[in-house]
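Working notes, structure below.
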Amino acid sequence: MTSRFVKLMLGSLVVLAVSFAFAAKATAAPPAGLNWEVHGTGSGGVSLLTGGSSGGPAMPQHIGNATYSLSIATPAASSSNGAGGFCAIATGSGAITAADGSTIFFLTVGLLCNESGALSPLHYNATYRITGGDGRFFGVLGGGSLTATFGSPHFIKIDGTITGI
């Protein structure tokens, strides 16, 4: 009778030990990527015909105080957007620079549209891809969506996934 009890107890301990080992390994695995957001306000000049640039202070998750810069080019002709305005395919590049000077670089592609007429405020709805970084951001990767409105002031929101931080 004692040996049956000992076998049952030993079997339970083995199952428990394997469970703990599996749980420890699962929690120690690195995440596939961090969700991150960048919110910024700034200024600059952006036109539907020529593109332009925007820059200013930003608060990105996982980074701290920073600044953003965004340059947009409109290599394609614009077309009516159905709301009385126009849209152009646009490409761009930008950076998020932390207070210590470390920088994350990204590329964008999307639509630059005005609201209703030639002189109405512009909106940029795009995707972005992180192409790298320097300083403490060396080796970062990621991507997601980028939205910006260009009025007074400019507003930008970047959200997506970043790895390597």
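The table that follows gives values for the structure above.
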item: Residues being free of Cβ contacts under 8 Å to residues at least 60 places away in the same chain and buried (at least 19 other Cβ atoms within 10 Å of the Cβ) - total across region 54-68; result: 2
item: Region 126-148: number of residues that are assigned to a strand (DSSP E or B) and surrounded by 16 or more Cβ atoms within 10 Å (Cβ to Cβ); result: 9
item: Some residue of region 94-111 being surrounded by fewer than 19 Cβ atoms within 10 Å (Cβ to Cβ), within 20 Å of E37 (Cβ to Cβ) and aromatic (F, W, Y); result: yes
item: Subset of region 98-114 (residues that are β-branched (V, I, T) and closer than 26 Å to S47 by Cα); result: I104, T108, V109
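So that you can scan it fast, the table gives a plain yes or no per residue for (1) in contact with a Lys or Arg (Cβ under 7 Å, 6 or more places away or on another chain); (2) within 16 Å of T91 (Cβ to Cβ); (3) modelled with pLDDT under 95:
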residue	(1), (2), (3)
L107	yes, yes, no
E115	no, no, yes
A118	no, no, yes
R136	no, no, yes
G144	no, no, no
A148	no, yes, no
S152	no, no, yes
I165	no, no, yes
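Matching residues to (1) small (G, A, S); (2) touching a Cys at 6+ places or on another chain (Cβ under 6 Å); (3) on the phi > 0 side of the Ramachandran plot:
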{"site": "G64", "(1), (2), (3)": "yes, no, yes"}
{"site": "G84", "(1), (2), (3)": "yes, no, yes"}
{"site": "I89", "(1), (2), (3)": "no, no, no"}
{"site": "S102", "(1), (2), (3)": "yes, no, no"}
{"site": "S120", "(1), (2), (3)": "yes, no, no"}
{"site": "G135", "(1), (2), (3)": "yes, no, yes"}
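The values are calculated or read from the model by the stated rules, or taken from the named source; none is laboratory data. The shown structure was predicted, so the numbers you read here are calculated from the model rather than taken from an experiment. We place every Cβ from the backbone using ideal geometry, glycine too, and count neighbours over all the protein chains shown.
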